[in-house]
Amino acid sequence: MKKSLLSLALLAAPVLAAPAQVTVYKSPTCGCCEDWVDHMRESGFEVNSIDTEYMGAIKARAGVQQQLASCHTAAVGGYVIEGHVPAADVKRLLEQQPEVRGLTIPGMPQSAPGMDIPGSPYEVLSFDEQGNTAVFSRYPG
């Protein structure tokens, strides 16, 4: 029995993965955090945004040390994403699955996604449970 061309095409079609679920905790008054949420959604992530006044407690629970902190904290695929980390780096993290706690951009570099003012070079750092860091990627600004 011959298979139809349609059934052959369906068998050959790639299976699309469901978008990764990101939960982001942010201050209800932070516009740049909302812009980062938009950046993640535009990049294909499904984002659950939670406004909270308890960011210090969220960061402590997530294992984000003060020197690694930024304005918002997110969780995706068992990793912590601290601050304005580009979606491309989050995707790479999820693909490579390194043995790290997460990624961070300490502070709030003006050219990072959600800040969107060109000119400031910055680094995305990976960090482990002890707070040790390594450069994950660099951006020229």
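Which condition does Asp89 not pass, out of (1) at pLDDT 95 or above; (2) acidic (Asp, Glu); (3) touching a Gly at 6+ places or on another chain (Cβ under 8 Å), if it passes all the others?
With respect to (1) at pLDDT 95 or above; (2) acidic (Asp, Glu); (3) touching a Gly at 6+ places or on another chain (Cβ under 8 Å), Asp89 is out only on (3).
Pick from Thr29, Thr23: which is polar (S, T, N, Q) and in a strand (DSSP E or B)?
On the way: Thr29 fails: in a strand (DSSP E or B).
Only one candidate qualifies: Thr23.
State the number of residues belonging to the stretch 40-74 that are surrounded by fewer than 19 Cβ atoms within 10 Å (Cβ to Cβ), under 13 Å from the mean Cα position of the chain (by Cα) and part of a helix (DSSP H, G or I).
So the answer is 2.
Given (1) at pLDDT 95 or above; (2) surrounded by fewer than 13 Cβ atoms within 10 Å (Cβ to Cβ); (3) small (Gly, Ala, Ser); (4) over 19 Å from Phe127 (Cα atoms), identify the lone condition not met by Ala12.
(1) is the only condition that Ala12 fails.
If a residue must be over 13 Å from the mean Cα position of the chain (by Cα) and closer than 19 Å to Met40 by Cα, how many such residues does the stretch 108-135 contain?
As a first pass, look at the stretch 108-135 and keep what is over 13 Å from the mean Cα position of the chain (by Cα): 108-111, 115-123, 127-135.
Going one step further and asking which of them are closer than 19 Å to Met40 by Cα, we end up with 108-111, 115-118, 122-123.
Selection size over the stretch 108-135: 10.
For the stretch 81-141, which strands (runs of 3 or more DSSP E) that fit wholly inside it have 2 or more residues that are surrounded by fewer than 19 Cβ atoms within 10 Å (Cβ to Cβ)? Outline the logic, then answer.
Details: elements: 102-104, 122-127, 133-139.
Strands (runs of 3 or more DSSP E) meeting the threshold: 133-139.
Among (1) touching a strand residue (DSSP E or B) at 6+ places or on another chain (Cβ under 8 Å); (2) in contact (Cβ under 8 Å) with a residue 24 or more places away in the chain; (3) of a type in the set (Ser, Thr, Tyr), which single condition is Ser43 missing?
Single failed check for Ser43: (1).
The values are calculated or read from the model by the stated rules, or taken from the named source; none is laboratory data. These figures come from a predicted structure and were not determined experimentally. Positions of Cβ are generated from backbone atoms using ideal geometry, with glycine treated the same way; all protein chains shown enter the neighbour counts.
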